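Let me begin by presenting the structure, written as structure tokens, before commenting on it.
The values are calculated or read from the model by the stated rules, or taken from the named source; none is laboratory data. Just so you know, these numbers come straight off a predicted model, no measurement behind them. All Cβ positions, even for glycine, are placed from backbone atoms using ideal geometry, and neighbour counts span all protein chains on display. Ligands, DNA and RNA are stripped out before the accessible areas are found, and what is left, the full protein with its side chains, is counted by its heavy atoms. Shrake-Rupley method; radii C 1.70, N 1.55, O 1.52, S 1.80 Å.
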Amino acid sequence: MNTFNMEKWRSLLHATGFVALFVTSLFSLTACNAESNINRVESIEDLCHARVGVQIGTTTEIAINEYLTQHKCPVAERYNNSPDAIAALNQGKLDAVVLDELPARKFVSDNANLRILSTPFNTESYAAILPKGQENLLNEFNSAIDEIVKEGIYDKLYDTYVSKTGNYHYTPKTTEGQELIIATSPDFPPYEFYQNNEITGIEMEIAAIIADRLHMKLKIESMEFDSIINAVSTGKVHAGFSGFSKTEERAKVINFTHDICTSRILVVIPTEEALNSMENQSLTNRLYNNFIKEDRWKLLVNGLCITIVISVFAALLGLCGGTVMAIIRVLHAKTGRFKILNLLIKLYVNIIRGTPVMVQLLIIYYVIFASVDINKILVAIIAFGLNSMAYTTEIIRSGMLAIPAGQFEAGYSLGLRPFTVMKHIIIPQAFKNVLPALANEGISLIKETSICGYIGLMDLTRGGVIIRNTTFEAFLPLLAVALIYLLIIGTLSAGVAHLERRMKKNER
């Protein structure tokens with residue numbers, strides 16, 4: 001009867017948590033839409049007294065912050081990408097967003113409540129980036145870019161993606177052989193963006209042309225904008241396309257190609273009406289735009305599969321490795337053996353637990369495997385597995401040390417070796433005691449995989465972010481991601497609870 005009541009209360013708590021999540025999210029959406037602009041921006045000078053948003057890691061960020069600093073004004077608010085800043089502008093959290101001309105015009109065309117300030121803020125040029133020391137490849141890129149501009153191909157792409165007066169699309173001819181790996185952040189339309197679950201845009205078409213002229217097969221990798229330069233400089237990819245402007249600091253670690261195009265920096269502000277276009281859409285239309293249109297739901301499904309694969313194998317790696325290290329540490333405490341191994345394990349545990357998992361992931365990918373062509377999913381499994389291993393070691397060790405000392409002594413008195421005592425007496429009891437803690441570590445591991453986008457992996461969270469960056473709506477995509485995580489973790493919790501009941505039957 002007590003077990004039934006406990007399970008009943010757990011189910012009630014899960015249901016309450018779900019309702020609380022939904023209500024909180026709905027309230028946040030309503031509150032955000034209810035916010036109103038405080039500062040009106042009608043000229044460049046007004047930016048000094050406004051809440052300005054900009055994408056982090058861009059030359060636009062440097063330019064606007066230099067301007068604001070010179071005028072002794074607060075610096076711009078930094079966002080991971082332009083769609084995030086546009087979403088904040090839509091919700092009244094910003095008064096203006098400063099970004100490049102073509103993305104600005106694309107965002108305005110998709111948002112009826114936004115307009116562009118008549119006076120440009122600045123002008124800059126775009127180029128592709130390549131690693132240092134690849135001079136031959138740089139020359140080949142430059143020759144191809146010069147030919148593309150000279151042959152009028154860029155103008156045709158501009159007419160197709162910007163003025164909408166053309167219909168030029170390049171079809172790659174090289175489908176086999178050596179790959180030309182390009183890194184990009186597909187949230188910069190019309191240069192690179194997602195359409196029908198594929199990355200396309202002006203620069204992506206140019207990359208396809210360059211790959212063909214180099215007789216190589218094009219491979220595009222999606223990652224965060226501020227990760228592209230690291231990926232290029234360490235040789236993880238051959239080149240990067242994402243609207244890169246030339247700066248002295250960037251030129252110290254990467255090479256720039258010839259200019260692809262010139263662009264103005266514009267200021268996007270709300271229209272006079274300042275109405276949120278989402279208010280005029282029904283829930284059905286919003287669901288269609290976020291999940292059904294262009295099969296965007298597949299981004300979540302594909303991301304979910306990668307998240308599950310990484311979580312399962314990383315958990316197995318952490319469990320197996322953690323168990324072995326816990327046994328070594330406990331045997332050292334009981335017998336005094338394995339002094340050096342025990343010292344190394346303690347050092348490893350302290351280092352892993354003392355550093356953020358995202359830093360560990362980036363170090364493993366960009367430093368340890370800098371010169372190795374390795375599958376990113378395998379990198380993520382290793383990174384999260386090693387991180388989980390440190391925590392699992394201490395969890396299992398605590399469970400073993402909780403077993404009465406008489407259990408060890410009884411095994412020794414029967415003539416059993418220390419490892420045999422561990423295997424048949426200590427470990428089975430320890431696992432039963434630490435099962436809830438291990439389940440909690442598994443739940444944390446699943447949620448930690450949401451940072452995989454920093455090395456260009458399309459996990460569940462990244463899929464939701466891409467949908468949000470495409471539709472400029474944060475509520476439904478992020479709520480869908482949260483509910484999927486909640487479903488996974490709820491299923492795991494229910495499975496662990498069932499296993500606990502099965503393991504406790506022999507105690508009755």
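Evaluating His258 against the criteria (1) under 30 Å from Thr119 (Cα atoms); (2) touching a residue at least 12 places away in the same chain (Cβ under 8 Å); (3) crowded, with 18+ Cβ neighbours inside 10 Å leaves one unmet condition, (3).
Pairs are defined by a Cβ separation below 8 Å, a sequence spacing of at least 6 or placement on different chains, a first member in the stretch 423-440 that is open to solvent by less than 30 Å² (accessible area, probe 1.4 Å), and a second member that is acidic (Asp, Glu); the pairs so defined are Leu435/Glu500. Screening Ile403, Ile381 for residues that are at pLDDT below 95 and open to solvent by less than 50 Å² (accessible area, probe 1.4 Å) leaves exactly one candidate, Ile403.
Can you name every residue in the stretch 179-202 that is open to solvent by 10 Å² or more (accessible area, probe 1.4 Å) and of a type in the set (Val, Ile, Thr)? Ile181, Ile199, Thr200 - these are the residues of the stretch 179-202 that are open to solvent by 10 Å² or more (accessible area, probe 1.4 Å) and of a type in the set (Val, Ile, Thr). For the stretch 384-400, the tally of residues that are among the aliphatic types (A, V, I, L, M), open to solvent by 10 Å² or more (accessible area, probe 1.4 Å) and over 11 Å from Gly318 (Cα atoms) stands at 1. Name the residues in the stretch 439-488 that are outside any helix (DSSP H, G or I) and modelled with pLDDT of 85 or more, would you? Hits for the stretch 439-488 are Leu457, Met458, Asp459.
Criterion first (out of contact with any Gly (no Cβ under 9 Å at 6 or more places or on another chain), within 15 Å of Ile145 (Cα to Cα) and either open to solvent by less than 10 Å² (accessible area, probe 1.4 Å) or not hydroxyl-bearing (Ser, Thr, Tyr) (or both)) does Ile220 satisfy it? The answer is no for Ile220.
When the stretch 37-60 is examined, which residues are found to be under 29 Å from the mean Cα position of the chain (by Cα) and in a helix (DSSP H, G or I)? Within the stretch 37-60, Thr59, Thr60 meet the criteria. So is Gly235 among the small types (Gly, Ala, Ser), in contact with a Ser or Thr (Cβ under 8 Å, 6 or more places away or on another chain) and at pLDDT 95 or above or not? No: the conditions fail for Gly235. Check whether at least one residue in the stretch 164-181 is in contact (Cβ under 8 Å) with a residue 60 or more places away in the chain and under 25 Å from Pro103 (Cβ atoms), and report yes or no. Checked against the condition, which is being in contact (Cβ under 8 Å) with a residue 60 or more places away in the chain and under 25 Å from Pro103 (Cβ atoms), the stretch 164-181 yields no hits at all. Residues of the stretch 339-358 that are open to solvent by 60 Å² or more (accessible area, probe 1.4 Å), more than 18 Å from Ile396 (Cα to Cα) and assigned to a helix (DSSP H, G or I): Lys339, Ile340, Ile351, Met358. Hey, among the residues in the stretch 237-255 that are in a strand (DSSP E or B) and touching a residue at least 60 places away in the same chain (Cβ under 8 Å), which one's farthest from the chain's Cα centre (by Cα)? Within the stretch 237-255, the match that is farthest from the chain's Cα centre (by Cα) is Asn255. Scanning the stretch 390-416 for residues that are touching a helix residue (DSSP H, G or I) at 6+ places or on another chain (Cβ under 9 Å) and charged (D, E, K, R) yields Glu394, Arg397. Among the residues that make up the stretch 340-357, is at least one of them under 20 Å from the mean Cα position of the chain (by Cα), closer than 25 Å to Glu224 by Cβ and free of Cβ contacts under 8 Å to residues at least 40 places away in the same chain? Yes, that holds for at least one residue.
Identify all residues within the stretch 456-479 that are in contact with a Phe, Trp or Tyr (Cβ under 7 Å, 6 or more places away or on another chain) and surrounded by fewer than 24 Cβ atoms within 10 Å (Cβ to Cβ); write none if there are none. Passing the criteria: only Thr470. Scanning the stretch 114-123 for any residue that is open to solvent by less than 30 Å² (accessible area, probe 1.4 Å), over 25 Å from the mean Cα position of the chain (by Cα), of a type in the set (Gly, Ala, Ser) and more than 27 Å from Ala207 (Cβ to Cβ) turns up nothing. The residues of the stretch 61-107 that are open to solvent by less than 30 Å² (accessible area, probe 1.4 Å) and assigned to a loop (DSSP other than H, G, I, E, B), listed by number, are Cys73, Ala76, Asn81, Gly92, Leu94, Asp95. Quick one: in the stretch 441-455, which of the residues that are among the charged types (D, E, K, R) and under 30 Å from Ser185 (Cα atoms) is least open to solvent (accessible area, probe 1.4 Å)? Among those residues, the one meeting the criterion is Glu448. Within this structure, Leu287 fails the test of being open to solvent by 40 Å² or more (accessible area, probe 1.4 Å) and either modelled with pLDDT of 95 or more or in contact with a strand residue (DSSP E or B) (Cβ under 9 Å, 6 or more places away or on another chain) (or both). Residue pairs whose Cβ atoms lie under 6 Å apart, separated by 6 or more positions or on different chains, with the first residue in the stretch 93-115 and of a type in the set (A, V, I, L, M) and the second in a loop (DSSP other than H, G, I, E, B), are Leu94/Arg51; Ala96/Val41; Ala96/Ala50; Val98/Phe121; Leu102/Pro190.
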